[in-house]
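Below: the structure, in structure tokens.
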Protein chains: 2
Amino acid sequence: MASEAPVGVFDSGVGGLSVLGEIRARLPFESLLYVADSGHVPYGEKSPEYIRERCRHIADFLLGEGAKALVVACNTATVAAVAELRERHPELPIVGMEPAVKPAAAATRSGAVGVLATTGTLKSARFAALLDRFAHDVRVVTQPCPGLVECVEQGALTAPQTRALLASYVQPLLAAGCDTLILGCTHYPFLRPLLRELVPAEVELIDTGAAVARQLARLLGERGLLAAGPAQAARFWSSGEPAALARVLPVLWGEAAAVAALGC
Amino acid sequence: MASEAPVGVFDSGVGGLSVLGEIRARLPFESLLYVADSGHVPYGEKSPEYIRERCRHIADFLLGEGAKALVVACNTATVAAVAELRERHPELPIVGMEPAVKPAAAATRSGAVGVLATTGTLKSARFAALLDRFAHDVRVVTQPCPGLVECVEQGALTAPQTRALLASYVQPLLAAGCDTLILGCTHYPFLRPLLRELVPAEVELIDTGAAVARQLARLLGERGLLAAGPAQAARFWSSGEPAALARVLPVLWGEAAAVAALGC
């Protein structure tokens, strides 16, 4: 496997671009491929079998494009499919997401941590195991957030409807005394500016993008797979409307780029 | 003191804009004032007495503009002057910078931490005390970086000369086995993209901007001084060439703004 091969990153939609940005910052010499499964967004309320089928399909596509590593830049897809992907590709470096329960438990001073995530993530055995392992001494208040992924997909990061929806999800967590909020979905880091206006200044907001980029750097380094650069321009595919992804890239990725259609 | 009063932030030049950005992200309802003492940059090689005199002058100016709190967004000025400023203004919330020795000591796995900073910071008793307190179990390799502040002041964040200078400072730290580098000057976070290209992917880069914004939030919160917003547009002054600061604001602050002259 050539070290100059690209890293494949995918998500149910545009949320994984928050992770892609962290990877670009950490690993500027890596060439990046990104698939938005926007034809099937949101994953949050889909069945695990359905999500696994989608992940198999996308992983095969990215490997066909020469990916030397995969990043499942979606908490819900990680829960449903990362174990199966690792079984199917035992040699391949694969990094998944998980809610930042451990750092949040370390950061809270009130002893109450709030988790914003999709229903699929919150209901998963993987999330229960995380709480079991790292949240013994803190109270964890979970909040499913239907509709929020769709707001980010549309690029409506500061719209009044987004604000109202987000406020309705955050309010119960604040009322419960949470001083630390976990952004448990890769779409939510794009809502940080809005969140900052909705929560007191003392409240910590914690996501996992930087830790995932660090873990990818470690796995590539151990295998001698770090690229020496220069990187190729990132390439983008969407299973939904390529034009819709192209429209939000300048805001969510910081530059414009062409988007190709992903079959099926 | 009205909670809607602004927060005053200052630096020897434009480096403190990296801290100002963290404050804006953390505290979007606060109105911000910024003084760049560019007529007297760099502080790194000036005497402590000289720097204290400059800090008194700027603090008085910012208080005259109604500041309810001060952020000394410069490591060198913090070393020289923050104790005196706190004596002169015992009631005022004042936040200073300090190199992130504690988090770096926690992050290193090789046991060797590198510190990029100005001569003034590295020679200070305050820095020695930090090492004494938090760096018992790690090797600390310090590297003064003359000329680097000037590169950032000119907005030359990716110029070949900046790259060559930065490489010459980083190389000895890597050769000494450092896997964690402390950015011990507020100018250096603007060089993160360049640094990322110059150090291996496993190396951690640590600065203090986010921690300073968090500390400011805490001090304001304790005193009931957090603004309810909306914030006024940030206001900028320079003791050097106002036009020079105005020229780099779009890059270093993310938007254009008018800059007034600070009488010196």
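The values are calculated or read from the model by the stated rules, or taken from the named source; none is laboratory data. Keep in mind that what you see is a predicted model, and the values were worked out from it rather than measured. Don't worry about glycine lacking a Cβ; one is built from the backbone with ideal geometry, like all the others, and counts go over all protein chains shown. Just so you know, the surface numbers come from the protein's heavy atoms only, side chains and all, with ligands and any DNA or RNA stripped out. Shrake-Rupley method; radii C 1.70, N 1.55, O 1.52, S 1.80 Å.
A few notes on this one:
- Residue tally, condition within 14 Å of another protein chain (Cβ to nearest Cβ) and open to solvent by 20 Å² or more (accessible area, probe 1.4 Å), over the stretch A:1-11: 1
- If only residues of the stretch B:194-243 that are of a type in the set (Asp, Glu) and touching a Gly at 6+ places or on another chain (Cβ under 9 Å) are counted, the one that is farthest from the other protein chains (Cβ to nearest Cβ) is B:GLU241.
- A:LEU183 meets each of the listed conditions (1) within 13 Å of chain B (Cβ to nearest Cβ); (2) within 16 Å of the chain's Cα centre (by Cα) apart from (1).
- Residues that are small (Gly, Ala, Ser) and free of Cβ contacts under 8 Å to residues at least 60 places away in the same chain, drawn from the stretch B:144-184: B:GLY147, B:ALA156, B:ALA159, B:ALA164, B:ALA167, B:SER168, B:ALA175
- Whichever residue in the stretch A:17-44 is in contact with a strand residue (DSSP E or B) (Cβ under 6 Å, 6 or more places away or on another chain) and closer than 22 Å to A:VAL248 by Cβ and, among such residues, is most open to solvent (accessible area, probe 1.4 Å): A:SER38
- Residues that are surrounded by fewer than 20 Cβ atoms within 10 Å (Cβ to Cβ) number at least 1 in the following strands (runs of 3 or more DSSP E) confined to the stretch B:45-143: B:112-117.
- When residues of the stretch A:17-35 are limited to those that are closer than 16 Å to A:LEU62 by Cβ and touching a Pro at 6+ places or on another chain (Cβ under 9 Å), the one farthest from the other protein chains (Cβ to nearest Cβ): A:LEU33
- Qualifying residue in the stretch A:115-122 (condition: small (Gly, Ala, Ser), more than 21 Å from A:ASP11 (Cβ to Cβ) and either in contact with a His (Cβ under 9 Å, 6 or more places away or on another chain) or not assigned by TED's automatic domain parsing to the domain that holds A:LEU220 (or both)): no
- Pair list, Cβ under 6 Å, 6 or more apart: the stretch B:119-138 residue over 17 Å from B:LYS102 (Cβ atoms), other residue buried (at least 19 other Cβ atoms within 10 Å of the Cβ) and at pLDDT below 95: B:THR119/B:GLY44; B:GLY120/B:GLY44; B:GLY120/B:THR76
- Check on B:VAL14, among the β-branched types (Val, Ile, Thr), away from chain A (no Cβ under 14 Å) and open to solvent by less than 10 Å² (accessible area, probe 1.4 Å): yes
- Members of the stretch B:52-76 found to be modelled with pLDDT of 95 or more and among the β-branched types (Val, Ile, Thr), listed by number: B:ILE58, B:VAL71, B:VAL72
- Of the residues making up the stretch B:142-175, those that are farther than 20 Å from B:LYS123 by Cα and hydrophobic (A, V, I, L, M, F, W, C) number 11.
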